[in-house]
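Engineer: Take this structure, written in structure tokens, and hold onto it; I'll ask about it next.
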Amino acid sequence: MGQKEILPGLAWPQGLQGHDDETIAKGLVSPHGTLTPQLLARYKTLASMEPGIRRYNVDWNAFEAVPGQSKPFACAPGFVLTPATPEELKTRHYHRFHCYNTMTLNTFDTLSLLDRQLGAQNAAIIYAAPTFAIHPNCTGFKFGNEMIRSGCLPLESAMDDFEDFINLVSERYTAPANQLAHFIVWNEVASQGWLDPSPMAPNRAGPNGSNPLTDAQFDYIVSRYADLVTRVFQVVRRHSDRAMIWTSNDRLWERPEQHAGDILHVGVRPFLDRLWPKLRDNITWALAVHPYDPGNPMDASEFSPDFPYPHRYTFATLDRVLAYMKAQLVTYTGLDPDSKAGRPFTLLYPSEQGWPFPACCADRIRARNVCYAQALSLALPDHIVAVTHNFFQDRPGGTSQGGQDYGLIAGNISSNLTNGAGYPTFDAYVSTSPGVWGRSDTHFCCVHWHQGCNKTQSFGTFDELHVSADNGTVALHGWAWDAGLPGGGGLASVSVAISFDSKQVATAVANVSRPDLVAADAAPDAMHGFVATLPLPTLQSGQILRIDVAILHSPSHNNGSWPLPQSPRCLADGKEVPC
């Protein structure tokens, strides 16, 4: 069997877990791009993790500050003229001459080389047009203490400059060795803060949080984004047909409830509903998703039919996003989602998600979530290509984003990471490396969270009996889950068999909410309780009834049954007694 591929010639990344490491790695590169001892030491440690994709913000405004010109011109110190001659303008397919930042180029040159030596692929978030390329009246929005204008759409008159920027990036980092193999176009485009159309269209919610966009304005926004994506695809294809194009999508699947003046959010699904008929299969594209969560990746409640607010996906519900993409692919292209031609459109890349401190949780739970996200992603092995959390490591003084700290590995861990062992999030990252996950039962994620073990296990408890003398019934309570079931990390429900005196009398599904299980670190999510109320047989005075409960068809026990701890329980004369 051949090597698994994303596209013909583009292999699946070597590992599922990747890194958003630019907060530290970029700072360790010298201004001239030379390899510093600190950077080399860091990469020596990273090599043992076998990362799949290392992702970077490739902001246009970090490369270019002044408009391109039709003729060669003198660049300011620290910038290099690209292309260098009129001949190169034609042969290298540029529209204009540009001055690009040499320090930025040196930094990415160095990181690209080191990542290639790791065996990791690179992903670039293409974002942040320079000031000359955006409308002066694009308002931006406040994010934490920052005023963000990075999402402002490039002016249509600047799109040739945009194409030239993509040409620079792809000829330098994609063409030589296909190192830059993933292009994520813009950021969270259903939010009109991160994809800001102002002043051409509103970017704030209207009265009572309403959507103020006319149909024409909504179509304008999606059309402009479709143009960005298409141009990236077309330019990159000049250099390689082995690079993947991704659209950027936050987790607010339906339009959220908003207040007047909020940054307008149109909902990911409504945006995609308009994007699909524009892109179809004219280009090859798929979804970069951001499955943030309320604190637990296993939480599937926000996509349930009875959830009181508009749906939001998490790692636990990415299968719903996948189902949508498959249906749209059939509708707009007629392609079979499982065919060689159709499968690339059904790929998902969880390229950004994380658990901020202090809003979410302490590092023990953040480490748990790294383990859970890995397990859930592996439940869709033919569709989720990689995972990159936001951020891999803190700066020493903290990594603030929107007033929250997203860095997962603490900033007091050295830049070479050699003192990381024993720190929960570092240990979780080590656990998710392909050389560790699923290969032993002694790594962090297995020992502490029962994920990624070589030998999966079953868990549960048969709680005390509740006898109703009035109606002759007994209520059975407990919980159970099996890490070996399909569906990711024990998220799927098990069935339990109930026996009276060794004779099976009933079964129950362990899918009842038990929030205490998560609080006690006993189960990955709350939906693993069971309740069964059964009539009691006629018993003589002093006669003991033995009640057994066992998981049925346990993958962790060769698909046999597994008796729950505290089973059996016995009762006599209407009360529980020792067996």
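Engineer: What ranking, highest mean first, results for peptides 84-90, 221-227, 370-376, 54-60 when packing means the other Cβ atoms within 10 Å averaged over each residue?
Structural biologist: Going by the mean number of other Cβ atoms within 10 Å, highest first, we get 370-376, 54-60, 221-227, 84-90.
Engineer: Can you work out the PRE-style zone for D215? Point 7 Å along Cα to Cβ, and I want the residues of region 279-294 with backbone N under 20 Å.
Structural biologist: 279
Engineer: Can I ask one more? Label-point separation (nm) for C570 and V505, each offset 7 Å from Cα along Cα-to-Cβ?
Structural biologist: Each label point lies 7 Å from its Cα, and together they span 1.6 nm.
Engineer: Next up: Quick one: if the Förster radius is 41 Å, what FRET efficiency do L40 and V447 give, using the C-beta to C-beta distance and rounding to 0.05?
Structural biologist: Details: r = 31 Å, r/R0 = 0.77.
FRET efficiency, L40 to V447: 0.85.
Engineer: Explain nothing, just the number: dipole magnitude of the chain about its Cα centre with +1 on each Lys and Arg Cβ and -1 on each Asp and Glu Cβ, in debye rounded to the nearest 20. Mind dumping the intermediate values first?
Structural biologist: On the way: 42 positive and 55 negative charges, 212 e Å.
Charge dipole of the chain: 1020 debye, to the nearest 20.
Engineer: Shifting gears a bit: Which order do the peptides 386-396, 305-315 take when ranked by the mean count of other beta-carbon atoms within 10 Å per residue, highest first? Walk me through the numbers on the way to the answer.
Structural biologist: Numbers: 386-396: 23.2, 305-315: 15.8.
Top to bottom by mean Cβ count within 10 Å: 386-396, 305-315.
Engineer: Right, next: Find the centroid of the Cα atoms in region 176-225 and in region 363-389, then give the distance between the two in whole Å.
Structural biologist: When both Cα centres are located, 28 Å separates them.
Engineer: Work out the FRET efficiency for V512 and C361 from their Cβ-Cβ distance, taking R0 = 25 Å, and round it to the nearest 0.05.
Structural biologist: Once rounded, the FRET efficiency stands at 0.50.
Engineer: Something else about it: Would you work out which of P202, P83, M298 lies farthest towards the positive end of the dipole of the chain, given +1 charges on the beta-carbon of Lys and Arg and -1 on that of Asp and Glu, about the Cα centre?
Structural biologist: Ranked along the dipole, the leading option is P83.
Engineer: Right, another one. If each of V577 and H553 carries a label point 7 Å out from its Cα toward its Cβ, how far apart are those two points in nm?
Structural biologist: Here the modelled spin labels are 3.7 nm apart.
Engineer: Name the aspartates and glutamates eligible as straight-distance cross-link partners of K455: C-alpha to C-alpha under 17 Å, and not fewer than 8 places from it in the same chain.
Structural biologist: By straight Cα distance, K455 reaches D441, D482.
Engineer: Would you give the gap between the C-alpha center of region 428-483 and the C-alpha center of region 241-291, rounded to a whole Å?
Structural biologist: 36
Engineer: How big is D, in µm² s⁻¹, for the chain by Stokes-Einstein at 4 °C and 1.567 mPa s if Rh is the Kirkwood radius over C-alpha pairs? The partial results should precede the final answer.
Structural biologist: Numbers: Rh = 26.0 Å.
For the chosen part, D equals 50 µm²/s.
Engineer: Which far-off residues, 5 or more places away or on another chain, put their amide H under 5 Å from the one on H135, with H placed in the peptide plane?
Structural biologist: When sequence neighbours closer than 5 places are left aside, the close amide H contacts are L155.
Engineer: So what is the calculated 222 nm ellipticity per residue for the chain, using -39500 (n - 2.57) for each DSSP H run with n of 4 or more, over all residues, to the nearest 500 deg cm²/dmol?
Structural biologist: Mean residue ellipticity at 222 nm (helix-derived): -7500 deg cm²/dmol.
Engineer: Compare the Cα positions of A510, P537, G574 along the charge dipole of region 475-579 (+1 at Cβ of Lys, Arg; -1 at Cβ of Asp, Glu; about the Cα centre) and return the one farthest towards the positive end.
Structural biologist: Going by the Cα projections, it comes out as P537.
Engineer: Direction-averaged shadow area of the convex hull around the Cα atoms of region 425-579, nm²?
Structural biologist: So the Cα hull casts an average projection of 9.9 nm².
Engineer: Further question: In debye to the nearest 20, how big a dipole does region 117-253 give about its Cα centre with +1 on each Lys and Arg Cβ and -1 on each Asp and Glu Cβ?
Structural biologist: Computed about the Cα centre, the dipole is about 300 debye.
Engineer: Taking Cα pairs under 8 Å and at least six residues apart, what relative contact order does region 322-364 come out at, in percent?
Structural biologist: 29
Engineer: Under a plain spin-label model, where a point goes 7 Å from the Cα along Cα-to-Cβ, how far apart in nm are N57 and F143?
Structural biologist: 0.6
Engineer: Next up: Write down the percent of antiparallel bridges among all DSSP beta bridges whose residues are both part of the chain, to the nearest 5.
Structural biologist: Among the beta bridges of the chain, antiparallel pairing accounts for roughly 65 percent.
Engineer: Continuing with the same structure: Quick one: order D161, D463, D573 from most to least accessible surface, probe 1.4 Å.
Structural biologist: Working: D161 10, D463 40, D573 100 Å².
Ranked from most to least accessible, the order is D573, D463, D161.
Engineer: Enumerate the lysines that K4 could reach by cross-link, defined here as Cα to Cα under 23 Å, with residues fewer than 8 away along the same chain left out.
Structural biologist: K326, K340
Engineer: Moving on. Could you compute the FRET efficiency for Y332 and A11, with r as their C-beta to C-beta distance and R0 at 25 Å, rounded to 0.05?
Structural biologist: Numbers: r = 28 Å, r/R0 = 1.12.
Calculated transfer efficiency: 0.35.
Engineer: Here is a further query. What's the Cα-based Rg to Rh of region 8-104, Rh via Kirkwood?
Structural biologist: Values: Rg = 17.7 Å, Rh = 16.3 Å.
Checking Rg against Rh, the ratio lands at 1.08.
Engineer: For region 318-394, calculate the relative contact order in percent as a whole number, restricting contacts to Cα pairs under 8 Å that are 6 or more residues apart.
Structural biologist: 33
The values are calculated or read from the model by the stated rules, or taken from the named source; none is laboratory data. These numbers come from a predicted model, not from an experiment. FYI the Cβ positions are ideal-geometry reconstructions off the backbone, even for glycines, and counts take in every protein chain you see. Areas reflect the complete protein model, heavy atoms only, side chains present, ligands, DNA and RNA absent. Shrake-Rupley method; radii C 1.70, N 1.55, O 1.52, S 1.80 Å.
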